[in-house]
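The values are calculated or read from the model by the stated rules, or taken from the named source; none is laboratory data. Computed from a predicted model, the values in this text were never measured in an experiment. Because the Cβ atoms are built from the backbone with ideal geometry, glycine has one as well, and the counts that use them run over all protein chains shown. Surface accessibility is based on the protein's heavy atoms, side chains included, excluding ligands, DNA and RNA. Shrake-Rupley method; radii C 1.70, N 1.55, O 1.52, S 1.80 Å.
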Amino acid sequence: MSTPEKQPPPSYQSSEKGRFHYSKKSTYAQVLVALLQNWLLLDFGMMLAMPAIVLGSLHNHPSEELCLNDAQASWFGSILFFSHPLGSLCSGFFQEQFGRKGSMMLVNIPIFIAWITLYFAESVYALYFVALTMGLGIGFDEAPLHSYIGEMGEPHLRGTLCALLCAASFFGTLVMYFIGYLVPWRTAALISSAVPIITVVCMSQIPESPTWLVMQGRLKDAQKSLCWLRGWTEPEVIRAEFEQLCSYAKISPNPDQEKNPEKEKYELVPGNDNEKVSPEEEKKVI
C-alpha cells in the first residue's frame, strides 16, 4: 500500500499569478528593512535642504564671518544639484562592485565628512566641497536604493516599500528646515552628522540583496538572505522562490572559483527529509 506523498507547506507554493504565500512575518521583515533603510533617505532629504539653511544665514549678511555675495551663493546653491547626476552615472558601477547594502553603507563615510566639514567651514571653498560631496553622495546611491527594494521585496509590496522611501526623503527635508529654524546652521550641521552614523548601524542589521549574492556565486549567503527577508524562515519554505531566483540569474561557474579547490558549493535544500535532489537538479544551481 503506497503512502500519500507529503505536500509542501502553503508558504512553499506559489499562486497562479506567481505570488508566493508566505506568512505575515515576511511582510513584517520587508517593512522593517524599508524602515531601517529610511535613515539613508532621511539623510538625503536633509542634505537637499541644507543649501537653503546655510544661504538663509550667510547670503548678504555682513555680520557673518562667511558672508556670501550673489555669485558665491548661486554657486553654492547649485553645485549639489549639478553633482547629483554625475554621481548617478557612477552608481551602477559601485552597486555591482560593493553590493547594494555595501554601497548604501559606504556612502555614509563621505556624507559624514561633509557634515563635519560644514560645521568647521571657514571659507567659501569649504562650502563648495560640502555641496559637491553631498551631491555626489546622493547620486552614488541612486541605483543601489532602487535595486535593493526591487530585489528584496515581493512584487505586491514593492509599491508600498517605495512609497515609504519617498516619504522618508520628504520628511528629512522637513526635519532639516525645523532644525535650521531652532538652531544656527553650524549646530544644525553638527546634529545632522549623527544621521550617517545611525544609518550605518541600522544598515548593518539588514541582509544583502539575495539577487546580487546569487550573481556573485555566493549561493549559501543568498539563501540565508532570502530566509531573513521572508520572515526569518527555514530554507524549505523559500525553496521555490530561490530556485526561481537562481534560474533568473542564469548562474554560470566563475573562472576564479574554478581555480580555487575550496570553492563554495551549494545544494538545494530538500522540501522534506525523504526527498533527495537529483544530480541534474544540482547541476542547474552549481
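Quick notes
- Where a residue in the range 75-86 is within 12 Å of L127 (Cβ to Cβ) and its partner, wherever it lies, is among the aromatic types (F, W, Y) and in a helix (DSSP H, G or I), with Cβ under 8 Å and at least six apart: W75/Y128; F76/Y128; I79/Y128
- So Q37, is it assigned to a helix (DSSP H, G or I), touching a residue at least 24 places away in the same chain (Cβ under 8 Å) and either under 30 Å from W228 (Cα atoms) or among the small types (G, A, S) (or both): yes
- Subset of the range 146-164 [open to solvent by 20 Å² or more (accessible area, probe 1.4 Å) and either over 17 Å from E241 (Cα atoms) or outside any helix (DSSP H, G or I) (or both)]: H146, S147, P155, H156, L157, G159, T160, C162, A163, L164
- K6 being at pLDDT below 90, surrounded by fewer than 21 Cβ atoms within 10 Å (Cβ to Cβ), farther than 30 Å from G150 by Cβ and basic (K, R): yes
- Residue match in the range 195-215 (condition: part of a helix (DSSP H, G or I), over 27 Å from F81 (Cβ atoms), open to solvent by 10 Å² or more (accessible area, probe 1.4 Å) and of a type in the set (A, V, I, L, M)): yes
For every residue, the table says whether it meets (1) of a type in the set (G, A, S); (2) out of contact with any Gly (no Cβ under 7 Å at 6 or more places or on another chain); (3) at pLDDT 90 or above.
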| site | (1), (2), (3) |
| --- | --- |
| A73 | yes, yes, yes |
| I79 | no, no, yes |
| S83 | yes, no, yes |
| F93 | no, yes, no |
| K101 | no, yes, yes |
| L106 | no, yes, yes |
